[in-house]
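This report refers to the structure that appears directly beneath it.
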Amino acid sequence: MIDYEARFASAVDRVRQEGRYRVFAELERIAGRFPTARLHKDGAVREITVWCSNDYLGIGQHPAVLEGAVEAIRRYGSGAGGTRNISGTTHLHVELEKALAELHGKPAALLFTSGYVANEATLSTLGKLLPGCLILSDEKNHASMIAGIRAAGCEKAIFRHNDLDHLESLLKAQPLDRPKVIAFEGVYSMDGDFGPVEAICDLADRYGAMTYLDEVHAVGLYGPRGGGVAERDGVMDRVTVIQGTLAKAMGCMGGYIAGSAALVDAIRSHAAGFIFTTSLAPAVAGAALAALRVLTSEEGQRLRARHQERAATLKARLRAQGLPVMPSPSHIVPVLVGDPIACKAASDRLLDEFAVYIQPINYPTVPRGSERLRITPSPLHEDRLMDALVEALARVVPTRSLARAA
């Protein structure tokens, strides 16, 4: 007989031996006190500072966002009642989709239960709806995009990261009338670099391709109204599909796409990841609508400016301390460690000795040998917190990482 339990244990042991076994920190977020949280560990509770949250602006605890969630629960109840096709479409869902479409300058938008589901469902469906389709994917695309492309069952081609010449060579080799989709990101979340949106749109126009832009790490953070890198660069109208999330700068959960009415309707009608999933809870939709109102206001502009200043200040201070900060033009601050065991050890010491929470980023999230601490300063990380972080990192990051980060 097969010993199934032994096989599961062996699979976990392999991860442990490679030094990349993940231990979740049990945190208690404190509404109104971000980035402070309470850590529950070994029967004790103590306060720590979170430096790795994807709630980039701390807006998940904004009073207006909290009130949006509470009011939605009061009016609509706790659940949506089913899938969107079976009693699960509420007025809030419709209003949120209208607001997201407007944010990106598109005729329509469609909500999903997560950004991962949005990518997987949309890309897999596009490949099936376009016979003979070729999907061209940046080699550093998120796992959800890779999963969607694989599930599409069509031919795919991987182009070197942000390499326009390589992408053009792949496009040039295809018939002009063959359906093609170029899938890439606005901000690559582990390295913190930007995708060349305008240049890729130029290539798409030249070779008859659609563009699929993942803006999950840019929505709310770039552009005059928070529309992302495409808005910042003035090319939203040129991108075929913009995919985003409610779970990062909007501080909620869920994902979406925005595009033409025909495209969105086709995904709505064919994507299993949309059709067979219970829709977002009213509280989430209500909170996201409130977050959008904040992000598109003057307050949102101030938050974005403060966010960029905090990231730039931290990078400068870490470099001045001689720490191995990896090059990053965005709000992401990666500090190279380069070894999974050392990265986990540094993370553990930061938490245990300095009450600083930064999760280690190891393979398969990043390539082996590029393990890092990924820091995400927010507008609410004050100078005193930055002082403590820089001092702590100087004590725990291995000095051998310095030359490798250059």
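The values are calculated or read from the model by the stated rules, or taken from the named source; none is laboratory data. All values reported here derive from a predicted model rather than from experimental measurement. Here the Cβ is made from the backbone with ideal geometry for all residues, glycine too, and neighbour counts use every protein chain on show. SASA here: full protein model, heavy atoms, side chains in, ligands and nucleic acids out. Shrake-Rupley method; radii C 1.70, N 1.55, O 1.52, S 1.80 Å.
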Discussion item. What distance in nm lies between label points placed 7 Å from Cα along the C-beta direction at GLU382 and ILE86?
Written reply: 5.2
Fill in: With at most 16 neighbouring Cβ atoms within 10 Å, loop chymotrypsin sites (Phe, Trp or Tyr not before Pro) (DSSP) excluded, longest segment of the chain
25-275
Discussion item. Loop only by DSSP, 15 or fewer other Cβ within 10 Å of the Cβ. Give me the trypsin sites (Lys or Arg not before Pro) in region 109-191 that pass, ordered by residue number.
Written reply: ARG160
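For ALA261 and SER169, calculate 0.36 nm times their separation in residues minus their Cα-Cα distance, and state this gained length in nm to one decimal.
30.0 nm
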Practice prompt. Please give every one of the lysines within straight-line cross-link reach of LYS172, meaning a C-alpha to C-alpha distance under 18 Å, and leave out same-chain neighbours fewer than 8 residues apart.
Written response: LYS156, LYS180
Fill in: Shape call, region 308-372: gyration tensor on alpha carbons, a/c limit 1.5
oblate
Fill in: nm² value of the averaged projected area, convex hull over the Cα atoms of region 49-188
11.6
Discussion item. Can you say what percent of the DSSP beta bridges in the chain, counting only those with both residues inside, are antiparallel? Round to 5.
Written reply: 60
Worksheet entry | For region 236-253, Karplus couplings with θ = phi - 60° (6.51, -1.76, 1.60), whole Hz, Gly/Pro x | 4, 5, 8, 8, 5, 10, 10, 10, x, 9, 9, 9, 10, 4, 8, x, 10, 7
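Once the Cβ-Cβ distance between LEU129 and ALA355 is put in as r, and R0 is 45 Å, what FRET efficiency do you end up with, to the nearest 0.05?
0.35
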Worksheet item: For the chain, what is the accessible area per residue in Å² when the probe is 1.4 Å?
Response: 43
Discussion item. Show me, for region 126-137, the HN-Hα J-couplings you get by feeding each phi into the Karplus relation (A = 6.51, B = -1.76, C = 1.60, θ = phi - 60°), rounded to Hz, glycine and proline as x.
Written reply: 4, x, 7, 7, 10, x, x, 5, 10, 9, 9, 10
Practice prompt. Determine the share of the chain's accessible area contributed by carbon and sulfur atoms, expressed in whole percent, with a 1.4 angstrom probe.
Written response: 54
Worksheet item: Let a ≥ b ≥ c be the square roots of the eigenvalues of the Cα gyration tensor of region 214-292; is it rounded (a/c under 1.5), or, if not, prolate (a/b larger than b/c) or oblate?
Response: oblate
Discussion item. From the phi angles alone, apply the Karplus equation (6.51, -1.76, 1.60; θ = phi - 60°) to region 101-110 and give each ³J(HN,Hα) in whole Hz, x where the residue is Gly or Pro.
Written reply: 4, 5, 4, 9, x, 10, x, 8, 9, 9
Worksheet item: Once both labels are modelled 7 Å past Cα along the beta-carbon direction, what's the ARG16-ALA320 spacing in nm?
Response: 4.4
Worksheet entry | Percentage of interatomic Cα-Cα distances in the chain larger than 37 Å | 25
Worksheet, complete the sentence: Relative contact order of region 303-405 (C-alpha contacts under 8 Å, at least 6 apart) in percent is 36
Response to the item:
The long-range amide H neighbours of ARG29, using H built 1.01 Å from N in the peptide plane and a cut-off of under 5 Å, are ARG38
Worksheet entry | For LEU134, distant residues with modelled amide H under 5 Å away | LYS180, VAL181
Fill in: Shape call, region 131-279: gyration tensor on alpha carbons, a/c limit 1.5
oblate
Discussion item. Can you compute log10 of I(q)/I(0) for region 346-386 with the Debye formula, treating each Cα as one identical point scatterer, at q = 0.16, 0.25, 0.28 Å⁻¹?
Written reply: -0.51, -0.90, -0.98
Discussion item. What whole-number distance in Å separates the alpha-carbon centres of region 79-133 and region 161-175?
Written reply: 30
